[in-house]
Amino acid sequence: MTQKNRLASGQLDRNTTLNFTFDGKNYGGHPGDTLASALLANNVRLMGRSFKYHRPRGPLTAGSEEPNAIVELRSGARQEPNTRATTAELFDGLSAKSQNRWPCLAFDAMAINDRFSNFLTAGFYYKTFMWPAAFWEKIYEPIIRKAAGLGSLSMQADPDDYDKGFRHCDLLIIGAGPAGLNVAVTAGRAGKQVILADEDFRMGGRLNAETFAIADMAGADWAAQAVAELGTMPNVRLMPRTTVIGAFDHGIYGAVERVSDHLATPAKCKPRQILWRIYAPQALLCSGATERPIAFENNDRPGIMLAASMRAYANRWAATPAQRVAIFTNNDDGHRTAQDLHAKGVKIAAVIDTRADAPRSYDYEVLQGAQVSDTKGRLGLTFVEVSQADRSTRTIECGALGVSGGWNPNLHLTCHQRGRPAWNDDLAAFVPAGTLPPGMTVAGAANGLFSTHGALKSGADAARKALGLKGRAPAVPDAEDAPVTQTPFWYVEGCSRAWLDQQNDVTVKDVKLSHQEGFRSVEHLKRYTTLGMATDQGKTSNIGGLAIMAELAGKAIPEVGTTIFRPPYTPTAIGALAGRMRGKEFHPTRLTPSHYWAEERGAVFVEVGNWLRAQWFPLPGETHWRQSVDREVTATRASVGVCDCTTLGKIDVQGTDAAIFLNKIYCNGFAKLAVGKTRYGLMLREDGIAMDDGTAARLAEDQFVVTTTTANAAKVYQHMEFVRQCLMPDADVQLISTTEAWAQYAVAGPNSRRLLQKIVDAEHDISNEGFPFMACANITVCGGLRARLFRISFSGELAFEIAVPARYGDALMRRLMAEGEDFDVTPYGTEALGVMRIEKGHAAGNELNGTTTALNLGMGRMVSKAKDSIGSKLSERPGLNEPDALMQVGLKPVKADDKVTAGGHLMNATGPVDARNDQGYVTSAAYSPTLGHMIGLGFLKDGSNRMGETLRLVSPVTDLTVKVEVVSAHFVDPEGERVRA
Amino acid sequence: MIINHPLLGPRDSAEFVYLGAADLMKRPDPETASADDWHDYAYLRDNPAGVHRELWFHEGGDRSILIVTRDTTTHEISSVELAREVASK
Amino acid sequence: MHDLTPITALGGSAPRVDTVADVTLTEVPDVALASVAARRGHEATCAKRLKTLLGKAAPEPGHAATGKDYTAFWMGPDQWMLSADFDTHEDIAALVKTQLSDAASVTEQTDAWTCFDLTGPRINAVLELLCNIDLTRFDTRHATRTSIHHLGCFVMCSKAGQSVRILGPRASAGSLHHAITTAMTAAL
């Protein structure tokens, strides 16, 4: 297919043709094209359907502010809805589809909505789908969801990768137009670390779209030369295809770099996009300006676009939407479009200027004091009707109409920290004002300086000021410096269907209706009419809505105010926000020192926080987890088992005040603990609730090794630092985590000592006399390797924990297995560990659940009255010490086959089952292979005085009622004889 | 936000863990404090729209706890101190 | 001499080496580490003894210093991490404690960390995808703690823009290695 509307020159590589499809039809374009420019060159104006009325639409703009030309790019898993054709860089093989139409773009069944537009006015949804309320979820919402929305998702996982990154600079320049380029050149030559980011793939901004000269060269060439010079500076980083989406606190900016969006698929291992966090103490916003439309009857037909965008298509992309075009303007800028297109051989049907004194031209007709009153053409513009100064009407044939209502500075980023812009009467536009984000300066058109000279000069000046550069300012190259005044002209009187927000189908009439119905705050207007709430966030439409509101309210525009601009500046893919943190990489994984060995043994792993721990070790023939777990428990209690407990937090506490420090953080006493001894410790929060428990081993007068639960390791360390730095600043205490430094294994069971004696070097006496219960020591194993040994037990058996430097953990585990063969040593996982601790009645996370006190846990007497510790005072509160306080108890089913489940509640044997009669709840439950039935731990009102009582364990959720007997929580070896054996 | 660490210079607030109001440092004297004092300390916090002294733990850094004086309405930080040095005075 | 065979943090018997284009990531298991924290009231003595041990002043915040046997970097107020060759200093904590005596608390840290060297002319392109260090000012002998994909790590600059050493939590060596090699392929 020929590119019928392709003009001469432009910034395209004409030697290469790129083939692409739109709605299945083949077209050709060139490198440098966007999808929109290539389609226009191929005489395609119709590119989409509107959101609500499904009106045929073509591109309104040539940039990221585009409301209409929204398409689906690519197919399969890479299908990407709601992509602006005006920014989609053309590549060979690109396939695009129009959206929001069925069955096809030229005939869309849902366009019937357009006929019922009188019913679909502002607030339609609010008014219509109110009653009956029950209909909302079942009927209204599904229908609306189906009919509304633009593109469709592929419903497949995004196959591409996204990265996040961090960059630092002295100066971030946002926008590489004339202002931004001159800033970059000034700052770059001064040796500053500069980042220049621009959303376009070609830097230069409007210079690429204009025919102005700078100095003695074309503006686009000047831009290219500046970019080339900047490219040679090692201190300047050019970031094209990068949109700065937000200005955050203290000079942190978010920016999305589209690394591979212009390729069919990203290169191998390369990301699709990168979300950069840019740290910049100074930033220069050089984001330019956006042209604004004028609203008139049927102003949304394909072919009607902003005049400066039409000019950009002609100059930069050598494309015109039609061979015969008209211009509708209220300012001089519209005439530039006419001149440039005329110079390129496009027929100018007329320039329709609202001003009675509009400049005349020899090249084409100018209609002074005229307005466009209506347009024709169902799928594309064919005629415009003009109401002339003398009130006569004239019909003008044209395939495109360029509309210019003046310019608005792109000041969005100045408002990201609640800065509010100010109205400038000369420009009839909002300009940056008030409190800008710290370190931000605005230059060029973004600051209301619309001439090229103004952009260049303000850029250089702002750069020098922001960076504190001294010396004489370099000369500003010659450039156009036309004075700019803008007289507001928002809409043509008497129109009924004049579109303000073309993406969300909001008309002038909707705004008037909203005002009539009392929605008079600008924020209410926005939500009631949905003006500015589409993917373009009203970049071309908000100002028109405000102006009409102001008019209706008889106020000035600044009195009406603006809505708040928030990040992101343009739509941002969720994938970019996620970066690499997807699936398995959502968080880091921590492996225990015995992990590879456990993997070889076929262990089943469970995630515990970030840790992967062996849950159980199935043997051949075992088909159910209970078989493995029961065997592991039984074998450990019968002989010896080994479990990796490295994951417990270990904190090295040293210093002459270490014991005093532990006295403060634990509710029980540590000052008198002898060197070589370990003690159980309970930590309270200041409000008297239990926080964590563990052991502290005194390895020297001034050194303890404190253990925490796996889950609370980081939190406990943080708490200890708080106490050390904020409450005991003068104490001589030093803390450091050593969790991962040591591979630590529990060796439990009646044969544990015999097994360890084969490994611990002979000079260390680990007999019951030489190394009694709760002893600890630095020892050596396997012929001299430094190790730590603790005689502590979680299982209730004779048990030890042995630690060696982590790199030897794998070898030590294999050695324990080899040496343990004589005793049928059994590795056990977290399930067996859990069963054994329940059998022994040891509290764990289920019991230390953030609501329980030392008293509840049966450790009330541990809270020392002889000293002050964190939480000791508030643990004495009467409310926590009622006579019927919950007490930890054991529970066993009256019928041995009955189930005990955690989470169930305890009720008296008779009486109602309700919250008022609640007696407590079950925290942990397991099948005890030792006892041959299920057992549970729980909290029961006045529990310690209710041994032997029968209760009902109920779980209304699972419809469970079981009779249970209250027993001691110490199901196994209640006298503790085994641990001392 | 950027917190200007007294020893390390400007650091991203993402490296820190927020620990709450700096009043947490004023733990009541266990010898003399009343039940009300303890109640206030454990449960009552000001929630000012304006200047707030608060604790930030540099978990992803040097493990110092900093007292950051921050305007909660603008995020402007007017002072950053090492909590241990302040507590030790 | 004991007879247990160590494995590296990545689980191998030999250190892992990965090269992408002109950047190489090398697992470095032969580093012994110990933390040194001055005892309260003995800060000056500790600094003095550290100076003797290192042969130069203990590094300032954000910095590292390399002496004859030991390299030290600043970890926190009056706290440093010392590293030395593993073969000669496996029991580094005991060796350092002998020198610093009651002026400091010393804790073995060797196997708390996994150590990687990242070298090559374009390492900054890799690092900027991993952590928020200001690479425009990260000069030789600078050292800082930073977060790499949610892992608290130390990064030391051995040669600006050319070589860094990364210490990360040992148990997450696999995740850290994955993050770095992924960034290498993405950036280079």
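Quick notes
- Across the range A:22-36, computed HN-Hα scalar couplings (Karplus, 6.51 cos²θ - 1.76 cosθ + 1.60, θ = phi - 60°) run 10, 6, x, 9, 7, 9, x, x, 9, x, x, 6, 9, 4, 5 Hz from first to last residue, x flagging Gly and Pro.
- 3J(HN,Hα) couplings calculated from phi for the range A:156-173 with the Karplus curve 6.51 cos²θ - 1.76 cosθ + 1.60 (θ = phi - 60°) are, in sequence order, 10, 5, 5, x, 8, 9, 10, 10, 10, x, 10, 9, 10, 7, 7, 9, 9, 10 Hz; Gly and Pro show x.
- For the range C:79-188, the relative contact order comes to 26 percent (Cα pairs under 8 Å, sequence separation of at least 6).
- If a spin label sat at a point 7 angstrom from the Cα of residue B:45 along the line to its beta carbon, the backbone N atoms of the range A:665-701 nearer than 16 Å would be those of A:686-687.
- Sequence-distant residues sharing a close amide H with residue A:682 (under 5 Å, placed H): A:667, A:668
- For residue A:430, nonlocal amide neighbours, meaning residues 5 or more places apart or on other chains whose placed amide H falls under 5 Å from its own, are A:424.
- Basic side chains Lys and Arg get +1 at the Cβ, acidic Asp and Glu get -1 at the Cβ, and with that the dipole of chain A about its Cα centre reaches some 1020 debye.
- Exposure proxy order (Cβ contacts within 10 Å, fewest to most) of A:397, A:876, A:600: A:600, A:397, A:876
- Straight-distance candidates among the lysines for linking to residue A:470, with alpha-carbon spacing under 27 Å and chain neighbours fewer than 8 residues away dropped: A:192, A:457.
- In this structure, the pairs whose alpha-carbon distance is over 19 Å, taken from A:715/A:865; A:664/A:873; A:97/A:376; B:89/C:48, are A:715/A:865; A:97/A:376; B:89/C:48.
- Candidate lysines for bridging to residue A:963, where Cα separation is under 29 Å - those fewer than 8 sequence places away on the same chain excluded: A:840, A:892, A:895, A:899, A:941
- The phi torsions of the range C:52-64, fed into the Karplus equation with coefficients 6.51, -1.76 and 1.60 and a -60° offset, translate into couplings of 5, 5, 7, x, 7, 4, 4, x, 6, x, x, 10, 10 Hz, rounded to whole numbers, with Gly and Pro shown as x.
- Three-way shape label, the range A:852-906, alpha-carbon gyration tensor, a/c 1.5: prolate
- Among C:48, A:52, sorting on how many other beta-carbon atoms sit within 10 Å of each Cβ, with the fewest leading, yields C:48, A:52.
- Cα-based shape type of the range C:61-177, given that a ≥ b ≥ c are square roots of the gyration tensor eigenvalues and the cut on a/c is 1.5: prolate
- Here the gap between residue A:357 and residue A:533, fully extended at 0.36 nm per residue and compared with their Cα-Cα distance, gives a gain of 59.6 nm.
- Grouping the Cα pair distances of the range A:248-309 into 5 Å bins from zero gives a pair-distance distribution of 4, 12, 12, 11, 11, 13, 16, 12, 7, 1, 0 percent in increasing distance order.
- Computed across the range A:1-58, the Kirkwood hydrodynamic radius from all distinct Cα-Cα pairs reaches 12.2 Å.
- With bins 5 Å wide beginning at 0, the percent of Cα pairs of the range A:247-358 falling in each bin runs 2, 9, 15, 14, 11, 10, 11, 12, 10, 5, 1, 0, 0.
- Normalising the average separation of contacting C-alpha pairs (under 8 angstrom, six or more residues apart) by the number of residues puts the relative contact order of chain A at 9 percent.
- For chain A, projected area of the alpha-carbon convex hull averaged over all directions, nm²: 51.3
- Order of A:685, A:324, A:272 - criterion: other Cβ atoms within 10 Å of each residue's Cβ, fewest first: A:324, A:685, A:272
- Computed from the Cβ-Cβ distance with R0 of 60 Å, the FRET efficiency linking residue A:959 to residue C:88 stands at 0.30.
- Cut-off under 5 Å, modelled amide H: who pairs with residue A:88 long-range: A:35, A:36
- By the rule of a C-alpha distance below 22 Å, with chain neighbours fewer than 8 residues away ignored, the lysines paired with residue A:526 are A:52, A:127, A:509, A:512, A:539, A:555.
Quick note: the coordinates plus some simple rules give every number you see, no bench work behind them. Computed from a prediction, not measured in an experiment: that's the story for all the values here. Ideal geometry is used to build each Cβ from the backbone, glycine not excepted, and the neighbour counts take in all protein chains shown.
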